[in-house]
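Handing you this structure, nothing more for now.
The values are calculated or read from the model by the stated rules, or taken from the named source; none is laboratory data. Given the structure is predicted, the values throughout are model-derived calculations rather than measurements. Every residue, glycine among them, receives a Cβ derived from its backbone with ideal geometry; neighbour counts consider all protein chains shown. We work out accessible area using only protein heavy atoms, side chains counted, and drop any ligands, DNA or RNA first. Shrake-Rupley method; radii C 1.70, N 1.55, O 1.52, S 1.80 Å.
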Amino acid sequence: MSVDESKSDRDESQEVLGKPDITGEPNRLPEPAASQESESETRSESETGSGPVKNPKHAEAIGKTFGLVAILTFASKFVGLARDIVIMQAFGTSKTTDYYYFANLVTGNFLVLFGGLGGPFHSSAVSVMAAKKDSPDIGKLTGQVLMVTTIILSVLTALVYLLAPLVIPIVIPNADPKEVITNLNIMLPMIIITGLVGVGAGISNTFKEYFWPSLAPAMASIAIIAAVLLYPEAGGVCLAVGTLLGAIGQFLVQLPGIMKSRPELTSLARLEGGVKEYFHMLGPAAISTSIGQLNVYIDVFFMSGLAVGSYTALLNANKLIQLPLGVLVVSMIVPLLPRFTRQVADGEIDALKDQFRRAVRVVWFLVLPLVTLMLAMPGPIVRLLFQRGQFDEQSTQLVVLALSYLIPSSFFYVARDILTRIFYAHQDSTTPFRIGMAALIVKALGDWLLVGPLGLGGIALSTTIVTIFNMTMLAICARKKIGSLGLRTMVVPAIIMIGGSAVCGLVASFCQSFIIANLSLPGKVGAFVSLGLSIAVAAAIGLSIYVAICLLLRLEEPALALKRIKNRVK
């Protein structure tokens, strides 16, 4: 590759996310000494038009990491969607699924919230180990972190086992506690596996391993699919066993990345440097994440008296939204957190704020039209994905109701999650924790006020309100910590994206209704194909109009993306 071609590639990776570029090597914290960077790796202000940009190779690294993580996370989410379709076809929105998901609140959600990419175990491991990657004692550090994590979570598992019979009847008053506890006991080892998966993902990312940490959640989904297809007569038990086996598989695929650190089993009498920092970061981060889980318990308390299957419907509505939202937010967070951390260490606060704004805009641009399409065609989409077997029209209406109230939270969810990483980069997990505690009160009050008049819709709407509250408080606290975030500069782009998404949704809704009314293929298969074609064509037309509107109004993101595509084609 020639010098000019290499420079072109670096420029493209910067332009697709805007300038100054969203840079940063995703797997380690670069040394803060500027003298270690060669002159060829620094461009002047006249070249970028926005101040010097250090080491443009980082831009290419973060662009490639974002793309790789996005593709793999989407693959995991797609397999997860297949899992949900299989579960809904076998059991619908019933007591079987409700009781399984109630038990999964403690075990499976531990794995999703704590063990996944961006979770407290992952973030804490990256924050500590990235700076010590080249240390000769890195093996001892990772070994002790894994050992202490296992011991602490084993104690927690024992406490859950002992307290579950006392707590479950209080938290879920209208459920059968025996069925919930049966499922819970089968899945209890997942609490220990959670920490190992999270730490393993952090170690893997530190050593440039992104494939399995991003794809690992698919292992759990595949195991559940197999269990349901092979032993559907076992009901909730087959779901619980499949979930446990999937979690074990999710840890096993992390082992190649973990072994790159050459972990050593050493005495815990003398802790290695970094272990204390890991737990100092982990404690508040885990508690802060737990606050969100407590919000779920509040929902369950108010929801257990609603129609059977309401909780299952809420979960599936949230999973549909997370298909585009979770993929893109996680893909942005994975490379950004190390970069934010480096910028804080180097005192590059203005660059951090600029990258925050551009990261939020990129994810907004990609997410908003997709979730708007769900809002515009909720019934057809849910029918296409789920309505067969035990999942009937009543189940569809429950999911549609939850979707309608949850989708508006997407706009604020993006900013909230990226804002939280600014605090983590400052080694501050206490502020998000305090805001989360206040959000508990908002959530309980919202459920209490809204569940009566709106039922399941009230639960979903209060979730949106809490997301807005969280984002607002984080923005206020971030302003106090690092000064103005420059949010006013994002108002016009946000209006363009929201307006364009609204037009996209309206056009798609009209097109879908028109196509399905004039396209009638015989039989069940024909009806399924007709529905799928109507949604696909309508979505394509709507998204094309959205991109055209953004280009016409000179929004930066699509123009830069098109420029990069043209350069790649050339």
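Residues in the range 541-562: is at least one farther than 30 Å from R357 by Cβ and open to solvent by 40 Å² or more (accessible area, probe 1.4 Å)?
Yes, some residue in the range 541-562 is farther than 30 Å from R357 by Cβ and open to solvent by 40 Å² or more (accessible area, probe 1.4 Å).
Would you say T489 is open to solvent by 10 Å² or more (accessible area, probe 1.4 Å), at negative phi and either among the hydrophobic types (A, V, I, L, M, F, W, C) or out of contact with any Ser or Thr (no Cβ under 8 Å at 6 or more places or on another chain) (or both)?
Considered against the rule, which asks whether it is open to solvent by 10 Å² or more (accessible area, probe 1.4 Å), at negative phi and either among the hydrophobic types (A, V, I, L, M, F, W, C) or out of contact with any Ser or Thr (no Cβ under 8 Å at 6 or more places or on another chain) (or both), T489 comes out as yes.
Among the residues of the range 228-243 satisfying the criterion of being in a helix (DSSP H, G or I) and touching a residue at least 60 places away in the same chain (Cβ under 8 Å), which is nearest to G200 (Cα to Cα)?
T243
State all residues of the range 411-441 that are in contact with a helix residue (DSSP H, G or I) (Cβ under 9 Å, 6 or more places away or on another chain) and among the aliphatic types (A, V, I, L, M); if no residue qualifies, say none.
V414, A415, I418, L419, I422, A425, I435, M437, A438, A439, L440
Residue under question is L506, and the condition is that it be under 25 Å from A494 (Cα atoms), open to solvent by 60 Å² or more (accessible area, probe 1.4 Å) and in contact with a helix residue (DSSP H, G or I) (Cβ under 9 Å, 6 or more places away or on another chain); does it hold?
yes
Here's something else I'd like to know. Can you give me the number of residues within the range 165-175 that are more than 28 Å from the chain's Cα centre (by Cα) and part of a helix (DSSP H, G or I)?
Here the count works out to 5.
Could you please give the count of residues in the range 183-216 that are modelled with pLDDT under 75, surrounded by fewer than 24 Cβ atoms within 10 Å (Cβ to Cβ) and not in a loop (DSSP other than H, G, I, E, B)?
Qualifying residue count, the range 183-216: 3.
Let me ask you something else. Residue by residue through the range 169-180, note down the ones that are crowded, with 19+ Cβ neighbours inside 10 Å and either modelled with pLDDT of 80 or more or in contact with a strand residue (DSSP E or B) (Cβ under 9 Å, 6 or more places away or on another chain) (or both).
Residues satisfying the conditions are E179, V180.
Sticking with this structure for a sec: Just checking: which of the helices (runs of 4 or more DSSP H) contained wholly in the range 53-149 hold 2 or more residues that are modelled with pLDDT of 75 or more and in contact with a helix residue (DSSP H, G or I) (Cβ under 7 Å, 6 or more places away or on another chain)?
Qualifying helices (runs of 4 or more DSSP H): 57-91, 95-104.
Separate question: Could we say that F411 is farther than 16 Å from S310 by Cβ and at pLDDT 85 or above here?
Here the answer is yes, as F411 does meet what is asked.
Still on this model: Give F528, F510 a once-over and let me know the one that is aromatic (F, W, Y) and either free of Cβ contacts under 8 Å to residues at least 60 places away in the same chain or closer than 30 Å to C550 by Cα (or both).
F510
Regarding L474, is this residue at pLDDT 90 or above and either open to solvent by 40 Å² or more (accessible area, probe 1.4 Å) or more than 25 Å from I418 (Cα to Cα) (or both)?
No: the conditions fail for L474.
Oh, and also: Considering only the range 228-266, state which residues are of a type in the set (S, T, N, Q) and either over 17 Å from M147 (Cα atoms) or open to solvent by less than 30 Å² (accessible area, probe 1.4 Å) (or both).
T243, Q250, Q254, S261
Across the range 378-408, what is the number of residues that are open to solvent by 40 Å² or more (accessible area, probe 1.4 Å) and in a loop (DSSP other than H, G, I, E, B)?
Number satisfying all stated conditions: 5.
Moving on. Of all residues in the range 416-434, how many are out of contact with any Phe, Trp or Tyr (no Cβ under 8 Å at 6 or more places or on another chain) and in a helix (DSSP H, G or I)?
7
For the range 477-486, give me each residue that is within 24 Å of the chain's Cα centre (by Cα) and open to solvent by 20 Å² or more (accessible area, probe 1.4 Å).
Selection gives C477 alone.
Please count how many residues of the range 492-526 are farther than 26 Å from P408 by Cα and either at pLDDT 95 or above or β-branched (V, I, T) (or both).
3
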